[in-house]
Amino acid sequence: MPETATPEVSATKKERAEAAPAKKSKPLNSFDIAQAQFDKVAEYLALDPSTRELLRYPLREYHFAIPARMDDGSIKIFRGFRVQHNDARGPGKGGIRFHPQETVDTVRALSMWMTWKCAVVDIPLGGAKGGVICDPHNLSQREQEQICRGWVRQVVKNVGPISDVPAPDVMTNAQHMLWMLDEFEEIRGGRYPGFITGKPVDMGGSQGRTEATGYGLVFTLREALKERGIKPESTTASVQGFGNVAQYAIELYSRLGGKVIAVSCWDQGDQVSYTYRKMSGVDLDQLRSMADRFGGIDKNKAKAAGYEMLPGDAWIEQKVDILIPAAIENQITGDTVGKIAPTVRIIVEGANGPTTPDADAQIHARGILLIPDFLANAGGVTCSYFEQVQSNMNYFWEKDEVLGKLDVKMTTAYMAVSELARRENLYMRDAAYAIAIGRVAKACHERGWV
Ligand code: NAD
């Protein structure tokens, strides 16, 4: 198996990639999609059948029941999962989701995507994911604590700082992580802050985690502009979302001299999204002062401050150089991709899965550079890795040191993907997958697994 960070690709491999898997007719769930993406790249990399068989599925899955005593005295049984897709490159890493519609297939897909995300930024971690079928909206804090502690009790033998390190995800937060850490430490009889990440800074969390995803995104954007000889201060951008990722992306991009002219977000009261535009450039601090903790901007305050209020999807049709989808999935689709202005040169995906495959094909054909989600938003997991390292050492770095290390990781990862894409004339998403899957396959080979 060649070192696929710099793979040798023959014309035959390219032909195989082009002839790659026909779409299935049945509706795809997330795991089907993750496997289809893998199959395409496995074909391109000409992986042998046993490596494909190994990487198409998780290495291990734990399915378990979590009994919890409810506030009314009754016992309720919740279903929990931990899926470890691959740990050839290092301990598993991935969040724990609390969601009423959680399915094991979603968890499987997310665990596989974590493997590729950690590999593309070349951190020594594998991919895992966990979940509990529950709706925290209908659970008291005490009931949620029971579930967190119950989750740990069921998998305590199979997770830990040197095997699999959980983190927060949908509807879980730092408090949930601390309950889980406490349970783990009670059972193991010691202090193991490296068991879990996403902890508050004063309880073993890392400086810089809040900024990490948005800043990481801008580190990759900065490199893309540099490669093209474009000065950031000569560019404009339009952003979908005004949450954690978007706000810190706007912060650093503005600091580089770029001008954001439009921001779109969800309006909880009206149950629609709006785009707020100011052609002279939005004022981040001012918008922050008008936003709630969910990243919704107060429309009346925005109007009073001179922002034009446009329909929610207007962010995509702005005549800017850069688009940053940083809200939710499936936003750049076959229906909306045609609205992208001819001025747009770069799309940086902050959200997970904002672009559908049919839109990808058009973006590629138009020659727009797309920095794919699992590279562009990998700053978050990279900083979680730094949290794990600091926790294991029980020695914590200053914020500048964390962000400096983050810059090095993101820049190096971007350059490797960009170089492969240029050399092999690949779409950036395919190049990123080729590097990530190639690295994991190589680790499995070198360990003698396949
Ligand atoms: P967030 O909840 O802080 O913010 C989400 C933002 O999206 C809010 O401003 C909300 O108003 C807006 N939004 C929701 N629906 C919208 C719509 N239909 N149109 C326009 N705006 C809409 O979330 P976040 O942490 O910033 O995450 C954003 C995306 O980035 C998600 O896809 C998430 O999975 C992904 N991501 C986040 C991180 C992280 O570290 N936070 C890491 C990797 C990936």
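Table for the structure above
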quantity: Karplus-derived 3J(HN,Hα), 6.51/-1.76/1.60, for each residue of segment 436-445, Hz, glycine and proline x; calculated: 5, 5, x, 5, 5, 4, 4, 4, 5, 5
quantity: Residues with amide H under 5 Å from that of VAL344, placed H, sequence gap 5 or more; calculated: VAL320
quantity: 3J(HN,Hα) from dihedral phi, segment 87-98, Karplus parametrisation 6.51/-1.76/1.60, rounded to Hz, x for glycine, proline; calculated: 10, 5, 8, x, x, x, 9, x, x, 10, 9, 10
quantity: Amide H contacts under 5 Å for GLY92, placed H, 5+ residues apart; calculated: GLY126, ASP164, VAL165
quantity: Longest DSSP-loop-exposure-free segment, GluC sites (Glu not before Pro), the chain, at most 16 other Cβ within 10 Å; calculated: 9-328
quantity: Cleavage-rule hits (trypsin sites (Lys or Arg not before Pro)) in segment 137-193: DSSP loop, at most 11 neighbouring Cβ within 10 angstrom; calculated: LYS157
quantity: Rel. contact order, % - alpha carbon contacts under 8 angstrom, at least six apart, segment 224-264; calculated: 50
quantity: Helix-only mean residue ellipticity at 222 nm for the chain, each DSSP H run of n ≥ 4 adding -39500 (n - 2.57), per residue, nearest 500; calculated: -13500 deg cm²/dmol
quantity: With at most 12 neighbouring Cβ atoms within 10 Å, loop chymotrypsin sites (Phe, Trp or Tyr not before Pro) (DSSP) excluded, longest segment of the chain; calculated: 1-293
quantity: For VAL107, VAL348, order by how many other beta-carbon atoms lie within 10 Å, fewest first; calculated: VAL348, VAL107
quantity: Global geometry of segment 314-361, whether rounded, prolate or oblate, following the gyration tensor of its Cα atoms and the 1.5 cut on a/c; calculated: oblate
quantity: Cβ-based net charge around ALA431, under 12 Å, with every Lys or Arg adding one and every Asp or Glu removing one; calculated: 0
quantity: Choice from GLY95, GLY130, GLY306 showing the highest fluctuation, given a GNM over the chain with Cα pairs closer than 10 Å; calculated: GLY306
quantity: Fraction of antiparallel bridges per DSSP, the chain only, in percent to nearest 5; calculated: 50
quantity: Contact order normalised by residue count of the chain, Cα under 8 Å, 6+ apart, percent; calculated: 17
quantity: Simple Cβ-charge dipole of the chain, Lys/Arg +1 and Asp/Glu -1, about Cα centre, in debye nearest 20; calculated: 420
quantity: Karplus-derived HN-Hα couplings along segment 116-123 (A = 6.51, B = -1.76, C = 1.60, θ = phi - 60°), whole Hz, x at Gly and Pro; calculated: 5, 5, 5, 6, 5, 8, 6, 9
quantity: Residue (of SER234, THR412, TYR253) at the positive-pole extreme of the chain, dipole from beta-carbon charges; calculated: THR412
quantity: Long pairs among LYS303/LYS409; LYS93/LYS405; LYS40/LYS399, criterion Cα-Cα beyond 31 Å; calculated: LYS303/LYS409; LYS40/LYS399
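Throughout, read-outs are computed from the coordinates displayed, never taken from laboratory work. The model shown is predicted, which means the values in this text are computed figures rather than measured ones. Counting neighbours? That spans all protein chains shown, and the Cβs are built from the backbone with ideal geometry, glycine included.
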